[in-house]
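Written out below as structure tokens is the structure these notes cover.
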Amino acid sequence: MNKQQRARTSLFLMEIIITIGLFMVCGALCIQFFVNAHLTDEKSQAISNSAIICESAINIISSSSEPIETLQKCYEAGVIADANTFVVSYDKDFNPVEDNGKYILTVNVTEDDETKGCLKISAKVTSDKEEIYSINTKKANNF
């Protein structure tokens, strides 16, 4: 092999190494983007499902004279924690489960101190002690 062929061969190998290196960097960036997109999608689904669950619980309470008991009838997997609090656990797909769920809906119904004759209702969904969504409202207690 003469010197010119060796020079072309080594130059060709350097080009291949540089090209493979660029593809590796681009591949690493693409994987990072896909992972971030997946995590963002999971978080947005959790927020959306949490909003639906909270609003559903508020609507059930708004149409009832006995809020906690009505929630117990509607959510069989739920538990009455105390006289004013109702808790439902959900799995990762937001299906109600008996216990050890990934997401927890907590509904609290109390008398409003500021406005006599009203109930103060709060509903929140948490995951790993982090609040995902919450809603607060008042209801006239004229039943």
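Just so you know, all these numbers are worked out from the coordinates, no wet-lab data involved. Here the structure is a predicted model, which means the values were calculated and not measured. Glycine gets a Cβ as well: all are built from the backbone with ideal geometry, and neighbour counts include every protein chain shown.
Kindly provide the set of residues from segment 71-91 that are surrounded by fewer than 17 Cβ atoms within 10 Å (Cβ to Cβ), more than 12 Å from Ala123 (Cβ to Cβ) and either among the aliphatic types (A, V, I, L, M) or in contact with a strand residue (DSSP E or B) (Cβ under 8 Å, 6 or more places away or on another chain) (or both), ordered by number. Of everything in segment 71-91, those that are surrounded by fewer than 17 Cβ atoms within 10 Å (Cβ to Cβ), more than 12 Å from Ala123 (Cβ to Cβ) and either among the aliphatic types (A, V, I, L, M) or in contact with a strand residue (DSSP E or B) (Cβ under 8 Å, 6 or more places away or on another chain) (or both) turn out to be Gln72, Glu76, Ala77, Val79, Ile80, Ala81, Ala83, Asn84, Asp91. Whenever a residue of segment 28-49 is closer than 22 Å to Tyr103 by Cβ, its partners that are of a type in the set (Val, Ile, Thr), lying with C-beta atoms within less than 7 angstrom and at least six residues away or across chains, give the pairs Ala46/Ile132; Ile47/Ile132. Of Ile132, Ile58, Ile68, Ile121, all but one fail to be in contact with a helix residue (DSSP H, G or I) (Cβ under 9 Å, 6 or more places away or on another chain), hydrophobic (A, V, I, L, M, F, W, C), buried (at least 18 other Cβ atoms within 10 Å of the Cβ) and part of a helix (DSSP H, G or I); the exception is Ile68. Anything in segment 111-136 that is among the polar types (S, T, N, Q) and either out of contact with any Lys or Arg (no Cβ under 8 Å at 6 or more places or on another chain) or under 29 Å from Asn100 (Cβ atoms) (or both)? List them, or say none. Within segment 111-136, Ser122, Thr126, Ser127, Ser134, Asn136 qualify. Considering Lys92, Lys138, the condition of being part of a strand (DSSP E or B) and under 24 Å from Ser48 (Cα atoms) is satisfied by Lys138 alone. When Lys139 is tested against the conditions (1) in contact (Cβ under 8 Å) with a residue 24 or more places away in the chain; (2) closer than 20 Å to Val79 by Cβ, the lone failure is (2). Against the condition hydrophobic (A, V, I, L, M, F, W, C) and either in a helix (DSSP H, G or I) or surrounded by fewer than 14 Cβ atoms within 10 Å (Cβ to Cβ) (or both), how does Leu29 come out, does it pass? Yes: the conditions hold for Leu29. If only residues of segment 104-118 that are surrounded by fewer than 15 Cβ atoms within 10 Å (Cβ to Cβ) and assigned to a strand (DSSP E or B) are counted, the one that is farthest from the chain's Cα centre (by Cα) is Glu111.
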